[in-house]
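A short worksheet on the structure shown next.
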Amino acid sequence: NLFDAKKLAQTLKINYFLVPINNFLKAYESLPWKLNQGASANLPARQRAVVLYAYANSNNALVCGTGNKTEFLLGYFTKYGDAAADFFPIGGLYKKEVRELAKFKELPPIFHEKIPADELWKGQTDEGEIGVSYEKIDQILNLVVEKGKNKTQLLKAGFSKREVERILGLLKQNQHKKEPAPIFS
């Protein structure tokens, strides 16, 4: 959230701007169709990306992304929103490793203890929406991606059928987010 972002910038002694996007978002109310929950939830992330790129273009800079390996593998990001960046310094780290890095760098506890939430709607949390804890998600992803384990092997490793099917389902369902847009000739 805004408070956490300000605290991180201050902790790292990074200059920052607060650019309210509410007025930009209001313009979408005049569209000739009604936005559904998914469109409404993703719109702020996409609008923030537009503002970030406006700044980067104006200052000969690059946009730094905050996505991590867990989010990218699951497709748990907004295409052209929080996934819009020129580089991802923690993109190769699982969620658990990001928390360990925050502890190692002695960041305030909020950055390694807070329950992850995109705050797409009131009361939303990542784990609540996904239905599996990040601890188990990281374990499953590690076994699938790094060790090539399949569904049967995951079930034998002690994960529930629901957990395994949910994570494998997200891997498949969101594959399109991880590939470049097709070019037709």
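The values are calculated or read from the model by the stated rules, or taken from the named source; none is laboratory data. Small disclaimer: the values here were computed from a predicted structure and weren't measured. Glycine also receives a Cβ, built like all others from the backbone with ideal geometry; neighbour counts cover every protein chain displayed. In case anyone asks, the SASA skips ligands and DNA or RNA and just uses the protein heavy atoms, side chains included. Shrake-Rupley method; radii C 1.70, N 1.55, O 1.52, S 1.80 Å.
What single numbered condition from (1) closer than 20 Å to LYS178 by Cα; (2) open to solvent by less than 60 Å² (accessible area, probe 1.4 Å) fails to hold for PHE111? Checking PHE111 against (1) closer than 20 Å to LYS178 by Cα; (2) open to solvent by less than 60 Å² (accessible area, probe 1.4 Å), the one that fails is (1).
For segment 1-22, the candidate set comprises residues that are of a type outside the set (S, T, N, Q) and within 19 Å of ALA41 (Cα to Cα); within that set, the residue that is least open to solvent (accessible area, probe 1.4 Å) is ILE21.
Name, by its number, the condition in (1) over 24 Å from GLY91 (Cα atoms); (2) open to solvent by less than 60 Å² (accessible area, probe 1.4 Å); (3) not hydrophobic (A, V, I, L, M, F, W, C) that does not hold for THR152. All conditions pass for THR152, except number (2). Here ASP138 does not qualify as touching a Phe, Trp or Tyr at 6+ places or on another chain (Cβ under 8 Å) and under 23 Å from ARG46 (Cα atoms).
Of all the residues in segment 156-185, those that are assigned to a loop (DSSP other than H, G, I, E, B) and either loosely packed, with under 11 Cβ neighbours inside 10 Å or acidic (Asp, Glu) (or both) number 8.
For segment 138-154, check the following and say yes or no: at least one residue is of a type in the set (Asp, Glu) and more than 30 Å from LEU8 (Cβ to Cβ).
Looking only at segment 138-154, we keep the residues that are of a type in the set (Asp, Glu), and these are 138, 146.
Pick out the ones that are also more than 30 Å from LEU8 (Cβ to Cβ) and you get none.
No, the conditions are met nowhere in segment 138-154.
Only residues that are in a helix (DSSP H, G or I), open to solvent by less than 30 Å² (accessible area, probe 1.4 Å) and not aromatic (Phe, Trp, Tyr) were counted across segment 122-143, and they come to 6. Of all residues in segment 49-66, those satisfying the criterion of being buried (at least 17 other Cβ atoms within 10 Å of the Cβ) and either closer than 28 Å to ARG166 by Cβ or touching a residue at least 60 places away in the same chain (Cβ under 8 Å) (or both) are ALA49, GLY65. On the stretch given as segment 73-99, residues that are open to solvent by 50 Å² or more (accessible area, probe 1.4 Å), within 18 Å of HIS176 (Cβ to Cβ) and in contact (Cβ under 8 Å) with a residue 40 or more places away in the chain total 1.
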